[in-house]
1. Pairs only if they're at least six apart or on different chains, beta carbon under 6 angstrom, first in the stretch 43-57 and in contact (Cβ under 8 Å) with a residue 60 or more places away in the chain, second polar (S, T, N, Q); list them, first residue then second.
2. How about the stretch 131-151: which of its residues are under 12 Å from the mean Cα position of the chain (by Cα) and of a type in the set (Val, Ile, Thr)?
3. Go through 100, 105, 90 for me and flag whichever is in contact with a helix residue (DSSP H, G or I) (Cβ under 7 Å, 6 or more places away or on another chain), surrounded by 15 or more Cβ atoms within 10 Å (Cβ to Cβ) and within 18 Å of residue 33 (Cα to Cα).
Amino acid sequence: MMNIKSILIIITLIIISIPMLNVYAAQTPNQALIDYYDACKQGSIKAYLNTVDLEYINENIANLEEYKNFVEAALIEYPMTSYKINNLKIKEIKGKNLAIAFFDIEANIVPKATGKAIKIDREMAALLTQKRGDWKVAFVIDRKLFWAQQEAAMTLITLNETLPIFEELRQRIESIQVVPEVTPTTSPTKPTTTPIEVPISIPGIGWLNLTTIIPIILIMIIITAIVRMRKRK
């Protein structure tokens with residue numbers, strides 16, 4: 001049987017572990033973002049890694065060991081003394097276990113190299129994911145950079161959709177042949193014969209330079225895609 005001392009030790013460990021479990025089990029995207037910045041303020045790499053989606057980071061951002069080393073160095077060299085989240089807006093994407101947050105962050109950071117406090121006030125965006133019932137931060141990024149990446153992604157999608165069209169156009173242009181004019185012969189013994197297959201004849205096709213035209217068309221599509229996306233906003 002366990003003695004009284006052993007029972008007290010077990011009870012103490014349980015009591016100590018309860019708040020730790022609550023800290024890293026965010027039930028909402030809002031709480032996940034707060035946990036993330038609390039961990040940054042603590043300067044604890046262990047606390048930080050418990051607030052982020054390690055699976056997403058490993059698949060889309062960086063090798064976990066390299067990521068951990070980078071973050072740990074940043075927490076040591078640029079400790080955060082305080083922070084405040086303002087104008088927080090979160091949109092959950094139903095059925096995808098994803099949420100996008102837009103917010104302003106005010107923070108005070110004291111770089112170890114100088115020891116002088118720096119005040120940061122920036123517009124930010126964050127992607128949050130829900131894994132096994134808990135919300136985690138996938139990444140936090142400057143909002144302007146976030147929108148620039150979205151525009152780039154949409155442009156690539158547009159180009160990928162139009163590439164088959166360009167390939168078909170290229171093949172059609174390459175199949176076009178110029179038929180030289182045939183001078184009729186006056187010899188009655190050698191009549192002019194018409195070929196069975198008559199290729200397409202386009203007079204003056206020498207101006208058609210694919211290496212010039214196709215890049216111009218691509219640039220026009222990129223500009224059109226960006227203009228449409230900005231109008232949607």
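Taken together, the values in this text are just the output of simple stated rules run on the coordinates, not laboratory data. Owing to the predicted nature of the structure, the values given are computational and were not obtained by experimental measurement. We place every Cβ from the backbone using ideal geometry, glycine too, and count neighbours over all the protein chains shown.
1. Sorted first by the residue in the stretch 43-57, then by its partner, the pairs are 53/129; 56/129.
2. Hits for the stretch 131-151 are 140, 141.
3. 90
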